[in-house]
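A.B. asks: Have a look at the structure that comes next, please.
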């Protein structure tokens, strides 16, 4: 259950003092929220847990610096936590999959008939997220940062150490690949239904 | 074609992604935290425990030292008790008891029976007289060297017939050296008290006592020697061995009193000496800086003082004294209660008050020595001081509406006294130049518990005291 603003402030103070109970309280309260972020950046549970825990470690190390940007302490903290998780995921990608960002130029794309575009409404959230997880790591990261996190290509290029053109290219490819995966999933579902 | 609808869908999918908490995840997290953010062991409790233990120990030492200083000085006692008639009960002062322990030297009670082997240990006080450090005791069968200092000691009438002549002629002296070798510069003077060693309620174990008199009681002669109960490490030769006794004997000044009375002044003198050696006299000087708050530091001025200290224990002592010095500081109107007698109204508060005060200070401090060696020791001190404001000169500085600066002086004499209103904390180092003389350096801070001076300011002081300490009665 998410903490109230007063509880959160109390436990933030406790975490500043390296109090385990406060750390556990914040960890358990924001676990689901943080996991939803980290889950999108990997397709392996071990990597997801690694990104999650590394992110929370950074949170607890730097929590004494946290100051609410606006009146709502919980929202401010969620935003601050979100940024830390994203950058932790980026660090994880740069450490493990950086070479894949540059090497996606020879990918072939499957044309998805436009008649299937109205099937977007029928796609569930789980399918979308599942499909995102199956993207190539480079595509996945760029797609997450651009579409979900709202990074610009300039920011993406700076964070990933790539050019703006490569960022745009990877985004296009990510979308294509996602469409393909969703189409394949849809086709599989239709076949099963039939 | 990719549409914006797809982007929106993806965002909604991300926002609605829900994951449940897993305890296993916290365990992994905890391992990570223990590695990167280990929790410090809770030493606060230990620190508090040690602080409390130190306080308790200090209090215990203080109480025990005070209580022990009240106890009479127990001297080595040696007198010979003749065998008295059975049933004679001879009691010394009510404060003294017969000790069963061979090691006891306090005279308590004597029970004399036919089989008693009772010996009275001479109470010996050592005085500085050269050449007289040999044991010499004498007693007749029925003579008792009245040994007790205590005027309340009760001795049987018969046994109270002290063989004054024998005693006066052979005033027993005793040294702690078993071999009776002379100790340079020491003469052991004898005062008689009774030491009884009990084997059974009806018996007393007599201690061997060196005698020179031929008419020493046989029972006394046959007594066995337990040197520990008489004198530390010394056995008294039997009468049949006059050689040893003679070597151990020496006539003492005939003027030495035999009665109870001499023991008292000697003991008192010894006790007084011990107490006197704990006293010390101090002369101190050093720079002192006074200020009101941190923003307006005052001037550094010299202060001088004389003091006296008393060592309660080896570690704890108290000091007091008298210091004089100037305290020059500045204050603003927020810190200073401006008197209404100034030519300007209280509404037009001075922007600055310049103070020049001459202060007598009487501190009372408790000093704790926490690291001691033969030559060095470190100490901390805390206490309360009294300020006697002998002279206070203030200049109230105002700014007129026209922007001019005007000053208004005001002087007060002997108007303010602050008794035990200044908290002083200090610590320092002491170097023992000799057993009597030592030098100290002591940084300190003083904080008022209430307002000081005419303006009721929070006047803080800090500085360093350089002190020379002399123990005039201490051992060289």
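Readers should treat all values here as calculations from the given coordinates under stated rules, not as data from a laboratory. Owing to the predicted nature of the structure, the values given are computational and were not obtained by experimental measurement. Cβ sites come from the backbone with ideal geometry, for glycine too, and all protein chains shown count toward neighbours.
A.B. asks: Using a cut-off of under 18 Å, list every residue of the stretch B:353-387 whose amide N is near the label point 7 Å from the Cα of residue B:413 along the Cα-to-beta-carbon line.
C.D. replies: B:356-360
A.B. asks: While we're here: State whether the stretch B:351-468 is rounded, prolate or oblate according to the following rule on the C-alpha gyration tensor (a ≥ b ≥ c being the square roots of its eigenvalues): a/c under 1.5 gives rounded; otherwise a/b larger than b/c gives prolate, and the remaining case gives oblate.
C.D. replies: Prolate, since a/c reaches 1.5 and a/b exceeds b/c.
A.B. asks: For A:82, A:140, A:13, A:175, what's the fewest-to-most ordering of other Cβ within 10 Å of each Cβ?
C.D. replies: On the way: A:82 17, A:140 26, A:13 13, A:175 23.
Exposure proxy ranking, most exposed first: A:13, A:82, A:175, A:140.
A.B. asks: Please arrange B:378, A:80 by how many other C-beta atoms lie within 10 Å of their C-beta, fewest to most. Write out the running numbers ahead of the final one.
C.D. replies: Working: B:378 14, A:80 18.
Listed from fewest to most nearby Cβ atoms, that is B:378, A:80.
A.B. asks: Please compute the length gained on full extension between residue B:364 and residue B:318, using 0.36 nm multiplied by the number of residues separating them and subtracting their Cα-Cα distance.
C.D. replies: Extending this stretch completely gives an extra 15.8 nm.
A.B. asks: In nm, to one decimal, how far is the residue A:4 label point from the residue B:301 one, both placed 7 Å along Cα→Cβ?
C.D. replies: 5.9
A.B. asks: Same structure, new question: Apply 1/(1 + (r/R0)^6) to the Cβ-Cβ distance of residue B:380 and residue A:187, taking R0 = 51 Å, and write down the FRET efficiency to the nearest 0.05.
C.D. replies: 0.05
A.B. asks: Please quote Rg/Rh for the stretch B:392-454 to two decimal places, taking the Kirkwood radius as Rh and restricting both calculations to Cα atoms.
C.D. replies: On the Cα set of the stretch B:392-454, Rg over Rh gives 1.28.
A.B. asks: Using the basic label-point model (7 angstrom from Cα toward the beta carbon), what is the residue B:425 to residue A:95 distance in nanometres?
C.D. replies: 4.6
A.B. asks: Test of understanding: ordering A:95, B:9, B:458, B:375 by Cβ neighbours within 10 Å, fewest first, what list do you get?
C.D. replies: If I rank by nearby Cβ atoms, fewest first, I get A:95, B:375, B:458, B:9.
A.B. asks: For an R0 of 45 angstrom, estimate the FRET efficiency from the Cβ-Cβ distance between residue B:32 and residue A:164 and round to the nearest 0.05.
C.D. replies: That pair, residue B:32 with residue A:164, gives E of 0.80.
A.B. asks: Okay, moving on. Would any residue of the stretch B:279-294 have its amide N under 18 Å from a label point 7 Å out along Cα→Cβ of residue B:447? List them or say none.
C.D. replies: Residues B:289-294 qualify, since their backbone N sits under 18 Å from the label point.
A.B. asks: Next question. How many nm is it between the label spots at residue A:133 and residue B:22, if each spot is 7 Å from the Cα in line with the beta carbon?
C.D. replies: Roughly 1.1 nm, to one decimal.
A.B. asks: Next question, about the same structure. To the nearest 0.05, what FRET efficiency results for residue A:155 and residue A:124 with a Förster distance of 45 Å applied to their C-beta separation?
C.D. replies: 0.90
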